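In what follows, a structure is listed as structure tokens, so that the remarks can point back to it.
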Amino acid sequence: MVKALILIADGTEEMEFTITYDTLVRAGVECTSALAVDATPPPASDTSPVLAVCSRGVKILPDITLDPLQAGPDKYDALIIPGGLKGAETISNSSPVQNLIRAYHDYEEKRVIGMICAGSMAALRASLPRQALTSHPVVKEQLENGFEYKEDSVVVSDRLVTRCRFPRSGTAFPFALTLVELLCGAEKRAEVFSPMIFPAGTPF
């Protein structure tokens, strides 16, 4: 079964997290949400992680607290980083997350890295090689010099999938559907898309 690890932190944009999680599950992807915290290393606990308080106050209980030793590309087929400026800063500034991103990017068997909105800052913090990407406009200036910045709503560059250009959740669905196609194929994308019943003329 295809598996995806979706990171979350206080300040994560809840729609970007939930739309991506929901769409992948519809495609049969086994999703695990992992709480990224400011502390390095994260606090040890044998209980469920604490609630993540998202950007609009929605509280989400992650499946696990991120353990880098159990989160590598040998365990999951995709690593996904949502936006929400505060959450994206916590996640992208985490040394363990930076190491994970590089590990997924360089893994010999192809793995997918998804970054949504301000989450694209993680590509810079992890020192990924120059390639095409996009982001929320608020972090565009920080990314333009190190990457081939695009104005497309979703940008696919080998293993890296980024999206936003528009604020908030405006392109979360095409981002998630692109992940489905990369992980499960075009037929599965069409199968997931159809019962979502988007309005006629929806451009994705």
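Summary of values
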{"item": "The chain shape via C-alpha gyration tensor axes, a/c threshold 1.5", "result": "rounded"}
{"item": "Pairwise Lys count, the range 3-196 - Cα closer than 20 Å, eight or more residues apart or different chains", "result": "8"}
{"item": "Gain on full stretching of the segment that runs from Phe204 to Gln131 - 0.36 nm per residue minus C-alpha separation", "result": "23.9 nm"}
{"item": "Counting DSSP beta bridges with both ends in the range 82-204, the antiparallel % (nearest 5)", "result": "40 percent"}
{"item": "Efficiency of FRET from Cβ geometry, Asn93 and Glu30, R₀ 45 Å, rounded to 0.05", "result": "0.95"}
{"item": "Of the GluC sites (Glu not before Pro) in the range 56-133, those whose Cβ has at most 16 other Cβ within 10 Å and which sit in DSSP loop", "result": "Glu108, Glu109"}
{"item": "Isolated Cys in the chain, by beta carbon distance under 4.7 Å", "result": "Cys31, Cys54, Cys184"}
{"item": "Gyration tensor (alpha-carbon) shape descriptor, the range 1-119, a/c threshold 1.5", "result": "rounded"}
{"item": "Full-stretch length increase - Ser194, Asn145 - with 0.36 nm per residue and alpha-carbon distance subtracted", "result": "13.7 nm"}
{"item": "Separation in nanometres of the label points that stand 7 Å from Cα toward Cβ, at Leu51 and Asp22", "result": "2.0 nm"}
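Here, each number is a calculation from the coordinates, and none is a lab measurement. Here the structure is a predicted model, which is why all the values come from computation and not from measurement. No Cβ is skipped: glycine too gets one built from the backbone with ideal geometry, and neighbour counts run over all protein chains shown.
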